[in-house]
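This report concerns only the one structure given below.
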Amino acid sequence: MNITKFEQRVIDQKPVASGHYDSEYFTGDWRAEGNNYNLETRRQIEAKNPFLIKEVFQPKKVLDLGCGPGALMHLLWELGLDVEGIDFAESSKQLATPQVRDRITVGYVGDPTLKPANAYDLVICREVFEHLTVLQVKQTVANMVRMSSKFMYVTTRFHPNPDGLLDFTTQFDVDPTHITLLNKDMLRLMFVLEGCRSRPDLEQRMDWGNKGRVLVLEKLG
């Protein structure tokens, strides 16, 4: 994709409204193989992820960006971590467990006014970027780096067969809100330009399922 085509596609993208992420979105039967956001379902799906997060990053204070109903937050809370979350959807707090509900802030993940700078030694953003426009991804990357004092842990769905760095695609057959599947190198580059370095050693540890959807970045300075 050349820069002119990329520019026009970026301009033409429309954000997904927060109202789309209601209780039906998170817990409805439309999800394949029962992949909903009920706590016990997520506990099975997450498997050893919460334990790995604690072991690999050894964080004291964690922010889950795009946390949804806070299932991962709850699992990290069970492990004794101090965890907060931000999510665009009002339903995120309504569906969250009592233990983490008041730790969720409803707002845009790219909003730099919601949380202070350098306040979290780990900022998590999992399965979120595919729901954002390219411009929102750029804003959110910058916000993650601003809020983190050390590590950023990302999972997202990437373009399966990009022809170039600028290529991005959709995945409407899986989820109608999957509007941006970037080239993996492009997302990594966005973090590098915000002052981060890649940590492929930690990526390997976190990608225990070998899905190829993990990025780990360390903030420089």
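Listed by first and then second residue, the pairs linking a residue in the stretch 206-221 that is part of a strand (DSSP E or B) to a residue that is surrounded by 12 or more Cβ atoms within 10 Å (Cβ to Cβ) and among the polar types (S, T, N, Q), with Cβ atoms under 7 Å apart and 6 or more places separating them unless they lie on different chains, are 214/155; 217/198; 219/148; 219/149.
Among what's in the stretch 132-173 and is among the hydrophobic types (A, V, I, L, M, F, W, C), assigned to a loop (DSSP other than H, G, I, E, B) and in contact (Cβ under 8 Å) with a residue 40 or more places away in the chain, pick the residue that is nearest to residue 8 (Cα to Cα). Outline the logic, then answer.
Applying the first criterion (among the hydrophobic types (A, V, I, L, M, F, W, C)) to the stretch 132-173 yields 132, 134-135, 137, 141-142, 144-145, 147, 151-152, 154, 158, 165-166, 168, 172.
Of the ones still in play, those that are also assigned to a loop (DSSP other than H, G, I, E, B) are 132, 158, 165-166, 172.
Applying the additional criterion that residues be in contact (Cβ under 8 Å) with a residue 40 or more places away in the chain yields 132, 158, 166.
Details: 132: 16, 158: 20, 166: 12 Å.
Only one residue tops the list, namely 166.
Only one of 61, 93 is in contact (Cβ under 8 Å) with a residue 60 or more places away in the chain, over 22 Å from residue 156 (Cβ atoms) and among the charged types (D, E, K, R). Can you tell me which? One residue alone meets the criteria, 61. Could you tell me whether any residue of the stretch 108-128 is in contact (Cβ under 8 Å) with a residue 24 or more places away in the chain, closer than 21 Å to residue 45 by Cβ and not in a strand (DSSP E or B)? The answer is yes, given that some residue of the stretch 108-128 is in contact (Cβ under 8 Å) with a residue 24 or more places away in the chain, closer than 21 Å to residue 45 by Cβ and not in a strand (DSSP E or B). Within the bounds of the stretch 58-70, is there any residue that is surrounded by 15 or more Cβ atoms within 10 Å (Cβ to Cβ), at pLDDT below 95 and touching a Leu at 6+ places or on another chain (Cβ under 6 Å)? The answer is yes, given that some residue of the stretch 58-70 is surrounded by 15 or more Cβ atoms within 10 Å (Cβ to Cβ), at pLDDT below 95 and touching a Leu at 6+ places or on another chain (Cβ under 6 Å). Within the stretch 168-177, is there a residue that is closer than 23 Å to residue 72 by Cα, of a type outside the set (Asp, Glu) and at pLDDT 95 or above? No: the stretch 168-177 contains no residue that is closer than 23 Å to residue 72 by Cα, of a type outside the set (Asp, Glu) and at pLDDT 95 or above.
Kindly evaluate residue 210 against the criterion of being farther than 18 Å from residue 148 by Cβ and loosely packed, with under 13 Cβ neighbours inside 10 Å. If you could, list the steps in order and put the result at the bottom.
On the way: farther than 18 Å from residue 148 by Cβ: yes; loosely packed, with under 13 Cβ neighbours inside 10 Å: yes.
Yes, satisfied.
When 219, 184, 138 are screened for being modelled with pLDDT of 95 or more, charged (D, E, K, R) and under 16 Å from residue 66 (Cβ atoms), only 138 passes. Of 144, 206, all but one fail to be hydrophobic (A, V, I, L, M, F, W, C), modelled with pLDDT of 95 or more and more than 13 Å from the chain's Cα centre (by Cα); the exception is 206. The set of residues in the stretch 2-50 being of a type in the set (Phe, Trp, Tyr), at pLDDT below 70 and assigned to a loop (DSSP other than H, G, I, E, B) consists of 30 alone. Among the conditions (1) part of a loop (DSSP other than H, G, I, E, B); (2) surrounded by 19 or more Cβ atoms within 10 Å (Cβ to Cβ), the only one that residue 97 does not satisfy is (2).
Scanning the stretch 67-93 for residues that are touching a helix residue (DSSP H, G or I) at 6+ places or on another chain (Cβ under 7 Å) and among the polar types (S, T, N, Q) yields one hit, 91.
The requirement of being modelled with pLDDT of 95 or more, surrounded by 15 or more Cβ atoms within 10 Å (Cβ to Cβ), under 27 Å from residue 201 (Cβ atoms) and among the aliphatic types (A, V, I, L, M) is fulfilled nowhere in the stretch 85-93; no residue meets it. Comparison of 154, 145, 216, 192 shows that the only residue that is of a type in the set (A, V, I, L, M, F, W, C) and surrounded by fewer than 20 Cβ atoms within 10 Å (Cβ to Cβ) is 192.
The values are calculated or read from the model by the stated rules, or taken from the named source; none is laboratory data. Just so it is clear, the structure is predicted and the values come from calculations on it, not from any experiment. Ideal geometry is used to build each Cβ from the backbone, glycine not excepted, and the neighbour counts take in all protein chains shown.
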